[in-house]
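The values are calculated or read from the model by the stated rules, or taken from the named source; none is laboratory data. For clarity, every value in this text was computed on a predicted model and none was experimentally measured. Please note: Cβ atoms are built from the backbone with ideal geometry, for glycine as well, and neighbour counts cover all protein chains shown.
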Amino acid sequence: MKGIQIHRSDEYVVSPWHANCTDIGEQSLSDYMVSPKVTWAVSEENKYYTFDIKAQYTSGAQLTAHSVIITETEAAAITGAADIINYNQAKGRPFFANNITDTMITAIQKPLAEGEYMRIHPVIYTAGDTSLQGTNKQMTVNVIVVKDETELSGDRSYGVYAGDAVIELSAAQGLSGQSDLDNGYTHAIAILADGTKAAPTVDSAAISTITGTTFLEVPKDVPVTYTYAPDASSMPVEKNVVVRVVSASITIEKYGDKSGGTALAGAKFTIERWDGSGTGQWIYIEYNSGTETWSDTASGNPPYTQTTAGTEGSTTFAGLPLGKYRITEVASPTGYTVLREPIITEVPYTIDDTDPNYDTVTGSKTPTGQ
C-alpha cells in the first residue's frame, strides 16, 4: 500500500491537511498505530463528522531476486527465512511473499553427502495481486550449497571446487589429459548459480609434470591451479590443490639367520602381482628400465628376478603400483637355503601389531617361513 490520507470534512481540518497523512510501508500497518495523533474539540450540536480515506497502490508489481551459492558452513548457520531472503537479495512490492518453509530450511542446512559436491534448492518469490492490480510477478531462483573448499566469486554467482588428490605412479603416467585427472582424482568442477556446471581450466604444464613423474621422484607433490570465469568480463576464480604422486616399494633383506646375523648378497627373488578379476590369480611382473614401468611378464618368458647385494644384503622392487604382491626366493647364496614360503604383502601396508609375526620392539614383521 503506497499510503493512506485521512482528514476531516468539517471546518476543524488541520491546515495544511497533509500534516495528518501517514505513509504506510509494505505490510507495515503497525507503523501507523504509532504515528503522531491530532485532536480537536467539537460542539455538542456539531458532533457528527466524517473521514475521507484514500488508498493508493503501486501501478505494477516489482520483484527482484538472484540465485546464489553458499558453503556448507554458511548453510548450517541459517536460522530462518530472513537469512535465505538476504542471500538471494530478494525484494518486491506489493505483497512480497515466498515459499520458504521450515522443511526447506532444514533441507538447506543438511550437510552434503559423501561424493556430493553441490545441491540445488529452488526458492519461489512473488509480488503483486491480480485481484487488486490485474498483475503479479513470480521468480524462481536457487540457493546452491557447495563444499566449504569451494572458491566463490565475489557475487556468489559461480565458483570452483577441486580437492587434493593422491594418484599412484602408473596411473599418473597414464593420464591422457585433464578430464582423467578431474574425473578420477581431484573432482574439479565449476559451479554456476543457475544450477549448471562447467569444466574449469588447468595449466597444461601441471598435467605434464604429473604424467612425467618417474619412480625416482616419488613421493612427488605437484601444485595444480584450476581457473574459471563465465565470460571475458568476469573476474576469474582460482582453486589451488596438490596432487601427490605415489608408488609402492618393497625391500627384501637376506640374513644368515632369523635373529639377524650376516647380511647375505646373492639371493634371487621373483615378484608376482595379485589379479583379483575373475577367480583371481598370481601374475609374474617385470621391470622395464627403458620406460621405468612395470608390466606383466610375457607368456613363455622366464620370471623377472632381482638379487640382494651390498653390505645390507638387500634388493628393492621400486615404483610398483599399489596392490598385493607375492615375492618368492628362487636362489640362495652358497651354504644357505631359500625361504620355505613366499612372502605375501600388500601396499600400502597396514601394520597389525596383534599379528604373532609382528615385532613390537623393532617395528617389523617377520614373514612366515623365514
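For this structure, a couple of remarks:
- Single residue of segment 312-350 satisfying the filter (at pLDDT 85 or above and among the polar types (S, T, N, Q)) that is farthest from ALA171 (Cα to Cα): THR334
- Qualifying positions in segment 329-346 - part of a strand (DSSP E or B) and surrounded by 16 or more Cβ atoms within 10 Å (Cβ to Cβ): GLU329, ILE343
- Enumerated strands (runs of 3 or more DSSP E) restricted to segment 104-162, each holding at least 2 residues that are more than 28 Å from ALA188 (Cα to Cα), in contact with a Leu (Cβ under 8 Å, 6 or more places away or on another chain) and among the aromatic types (Phe, Trp, Tyr): none
- Residue ID - nearest to ASP231 (Cα to Cα), chosen from residues in segment 195-216 that are in contact with a strand residue (DSSP E or B) (Cβ under 7 Å, 6 or more places away or on another chain) and in contact (Cβ under 8 Å) with a residue 40 or more places away in the chain: PRO200
- Scanning segment 281-310 for residues that are in a loop (DSSP other than H, G, I, E, B) and modelled with pLDDT of 85 or more yields THR297, ALA298, SER299, GLY300, ASN301, PRO302, PRO303, TYR304, THR308, GLY310.
- Residue check, VAL166 touching a residue at least 40 places away in the same chain (Cβ under 8 Å), assigned by TED's automatic domain parsing to the domain that holds ILE69, of a type in the set (A, V, I, L, M) and out of contact with any Gly (no Cβ under 7 Å at 6 or more places or on another chain): no
- Listed by position, the strands (runs of 3 or more DSSP E) enclosed by segment 178-258 that each have at least 3 residues that are within 18 Å of ARG156 (Cα to Cα) are 189-192, 220-228, 237-246.
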